[in-house]
Structure formats: structure tokens, C-alpha cells
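In what follows, a structure is listed as C-alpha cells, so that the remarks can point back to it.
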Amino acid sequence: MASLKDSSDDHVLVEVKSSLRKLTLNRPKQLNVITFAMGSRVLDIFAECAKDSSVKLIIIKGKGRAFCAGGDVAAVLRDISQGNWRSGEVIYRKAYTVNYVIATYIKPLVSIVNGLVMGGGASAAIYGTFQVVTENTLFAMPETALGSFPDLGASYYLSRLPGFFGEYLGLTGARLDGAEMFACGLATHFVPSEKLSLLEEALENVDSSDPFVISSTISKFSEVPNLTEKSAYNRLNTINKCFSQRTVEEIVAALEKEAVDNKEDWISFSIKSLKKASPTSLKITLRSIREGRLQGIGQCFVREFRMICHVLQGETSNDFYEGCRAILLDKDRKPKSPLVNKEERKFVVAANTRHLTSNKGHEKSLGGFKIQFNKLLIILLL
């Protein structure tokens with residue numbers, strides 16, 4: 001296990017401040033996208049901190065203009081293009097393990113999100129004990145545009161947002177600022193960025209793991225922000241009416257009906273986003289969030305891991321590879337047309353979403369995932 005003083009991996013920096021450990025994701029040019037090696041480093045640090053009784057609190061933040069923009073999708077695509085989806089599965093298993101450990105960690109975690117946070121990076125921030133956002137924070141879950149679905153436990157927290165706001169975020173990829181994250185419950189505190197250095201200094205002097213003491217310390221620097229007039233969260237009643245519909249098609253129809261008399265930007269944005277996104281991804285995402293509402297956090301992680309294994313193999317469609325290629329790699333923003341026509345796609349989508357949560361063909365992958373969870377939990381509880 002790597003020592004906390006080991007500087008061989010400068011992509012995850014660790015500062016020792018009395019009873020506090022401060023982790024900084026340090027790939028600013030890549031928006032702090034987390035690689036496989038970084039995930040291993042984070043797990044080592046968390047395991048060591050869990051066993052060290054002198055460590056009371058951990059801060060996680062990102063260097064530069066992003067907290068974290070997610071995982072290393074480029075590496076996954078390279079493996080898929082070479083016909084090796086199993087390597088992608090290994091990368092995702094590491095990411096799921098890191099986020100599960102964050103979600104169930106035995107010591108308080110404070111995520112300081114002073115910039116962009118997207119996709120899997122959002123899960124890493126949200127599953128901390130406390131989430132501190134600022135006026136610079138920008139949140140988004142763009143997975144449906146990439147041919148995937150909000151994963152790494154996203155179905156658990158999206159399904160627990162007020163009303164059907166989680167469906168709105170997950171399906172459309174709508175962006176939220178820090179004030180909106182605070183208002184809907186994705187963040188516990190809003191602190192102006194100019195006060196962050198003072199906040200970190202104050203947390204360095206907190207020699208306690210008591211959540212009430214930590215929350216009280218953060219609250220000394222926090223404030224209640226005002227939502228902008230155009231914030232979609234101010235339209236929660238309309239969002240609930242539209243996104244509570246049973247199917248994606250019914251959601252789009254409800255939005256189009258609303259748009260006849262309501263010309264607000266968020267409605268036109270939602271319709272446009274839904275029509276541009278992968279039809280398969282939309283179906284998968286809606287079902288995932290709906291199932292997540294009835295499941296515990298561990299169940300959501302295991303189910304989503306099964307789902308991503310199916311997606312990596314292209315069992316549902318080739319949208320994941322094409323969407324990520326067109327938007328993240330080649331950046332031509334022109335994914336190739338689906339291999340089936342629109343009417344055939346409806347049938348394929350309906351059929352494929354039914355088996356996504358099955359572990360058929362993935363018993364080895366899923367078993368390894370569960371075993372890795374159990375081993376980590378044993379280590380962390382020692």
C-alpha cells in the first residue's frame with residue numbers, strides 16, 4: 001500500500017494537516033478526469049486513513065477550473081475499438097469501487113466543488129458527507145448525449161431529489177449552478193469562493209469527526225444563495241407534471257404540449273436535448289432512476305455496474321462508442337446514424353432495456369465487483 005507521503009503519483013496530491021487529510025485531484029488540463037491509476041491511489045489513501053485513528057476528516061477538491069469531469073472514457077473507447085470490452089469493465093469496476101467507498105466511508109468527507117463537476121465526478125462529490133459549492137460551480141450529467149446513462153450510483157441520488165427533478169437532470173443533461181445544487185439538495189453548503197481559503201484553514205483546526213461540529217464550522221462561512229429568475233428549479237411543478245410520465249415518449253409529448261403556451265427556455269432546451277440524445281440511453285436512464293427510487297445504495301451500484309457491462313459490449317446499441325467518439329474524442333459532434341431505422345429502434349430499445357439488469361454473461365465481472373467491495377469494506381473497518 002502506498003504511503004501518504006509517496007509523491008510518485010502527482011495526479012492525486014495529499015496534504016497532512018494535523019487530524020485532516022486534504023486530497024487534490026491534480027490533472028487540471030484534463031479537467032481532473034480520474035484515471036485507473038488515480039482510482040487505485042485514492043483507494044490506498046482512503047484505506048490508510050480509515051485505519052489511522054489520528055485522521056478525523058478528509059477534504060476532496062480539484063485543482064484548476066474543475067472538481068472532476070468524470071472517468072477516463074478515452075481509455076475505455078480505445079479498448080472497445082480493439083474489441084476488448086473487458087478492459088473497459090476493469091476500468092469501470094475501479095470507478096464503481098472508488099465511489100462506493102466514498103458513499104459508505106466511515107469518516108467525514110468534505111467535497112469542495114469550486115468549478116465544473118460532471119458525470120462520475122458528480123458522484124464522487126455528492127457522496128461525500130458534505131458538499132460545498134460556490135458561484136463557480138457547474139453541474140451536469142451529459143451521459144444520454146454520449147450514448148450512456150448516469151451511473152456510478154447516480155440512480156440513487158437522482159431518484160431522491162424533490163419530485164421528478166432527477167428525471168429532468170438525468171434525461172436532458174441540464175446544467176445547474178451552485179445555487180441550484182444547494183436548492184435541490186445536491187449540496188449541503190454554499191460558500192462564496194473568496195471564503196474557501198478561510199474555510200479550509202478553519203477545517204484544519206477541527207480536531208473532530210463529529211458531523212455536527214464539522215457542519216457548524218462550514219456554516220460559519222456559508223450563505224443561502226438566490227436562484228436566478230430563469231432557474232428551472234423555480235418551475236418544479238411543471239417539471240413534475242412532464243417528467244412524471246411513464247415513458248420517454250410521453251415525457252416528450254407532455255413537454256411539447258406545455259410548449260404550446262409556455263415559451264420558457266428550459267422547455268425548448270429539454271425537448272431539443274431529448275430529441276438529440278440516444279433513444280436507447282433515454283430508455284435506460286429513465287428505467288434506472290425509477291428502479292433506483294426503490295433500492296438501497298448498494299443495490300443501485302451493483303445494478304448499474306451490470307448495466308454498464310451490457311453497454312460496453314454494445315448489446316443495446318453502438319451509441320456509447322459513437323456518442324463518446326463524436327463528442328469527446330474526434331469532436332465532430334456527428335455520431336453515425338443508428339444501424340436500425342426509427343421504427344425498428346423502438347422495438348430494439350423496448351426489448352433491450354428489459355435484460356440490462358441481468359448478470360447473465362457477467363457473473364465473473366459482477367462477482368469480482370462484489371468481492372472487491374467486501375475486501376475493501378473489511379480493510380476499511382479494521
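Readers should treat all values here as calculations from the given coordinates under stated rules, not as data from a laboratory. Keep in mind the model is a prediction, meaning the values are calculated, not measured. Cβ coordinates were reconstructed from backbone atoms using ideal geometry, including for glycine residues, and neighbour counts include every protein chain displayed.
Data table
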{"read-out": "Search result, residues across the range 197-226 that are over 15 Å from K17 (Cβ atoms) and in a helix (DSSP H, G or I)", "value": "P211, F212, V213, S215, S216, I218, S219"}
{"read-out": "Exclusive hit being of a type outside the set (A, V, I, L, M, F, W, C), buried (at least 16 other Cβ atoms within 10 Å of the Cβ), in a strand (DSSP E or B) and over 18 Å from the mean Cα position of the chain (by Cα), set K22, K107", "value": "K22"}
{"read-out": "Every pair of residues 6+ apart whose Cβ atoms lie under 7 Å, when the first sits in the range 99-124 and is free of Cβ contacts under 8 Å to residues at least 60 places away in the same chain while the second is among the charged types (D, E, K, R) and not in a helix (DSSP H, G or I)", "value": "G115/R65"}
{"read-out": "Qualifying residue in the range 80-100 (condition: buried (at least 21 other Cβ atoms within 10 Å of the Cβ) and of a type in the set (S, T, N, Q))", "value": "yes"}
{"read-out": "Selection from the range 114-144 of residues that are over 13 Å from the mean Cα position of the chain (by Cα), crowded, with 24+ Cβ neighbours inside 10 Å and part of a strand (DSSP E or B)", "value": "Q131, V132, V133"}
{"read-out": "Neighbours by Cβ (under 8 Å, 6+ apart or cross-chain): first from the range 52-76, of a type in the set (S, T, Y); second not in a strand (DSSP E or B)", "value": "S54/S19"}
{"read-out": "Tally of residues being surrounded by fewer than 24 Cβ atoms within 10 Å (Cβ to Cβ) and among the hydrophobic types (A, V, I, L, M, F, W, C) across the range 276-300", "value": "4"}
{"read-out": "Condition met for S209 (out of contact with any Cys (no Cβ under 9 Å at 6 or more places or on another chain) and touching a residue at least 40 places away in the same chain (Cβ under 8 Å))", "value": "yes"}
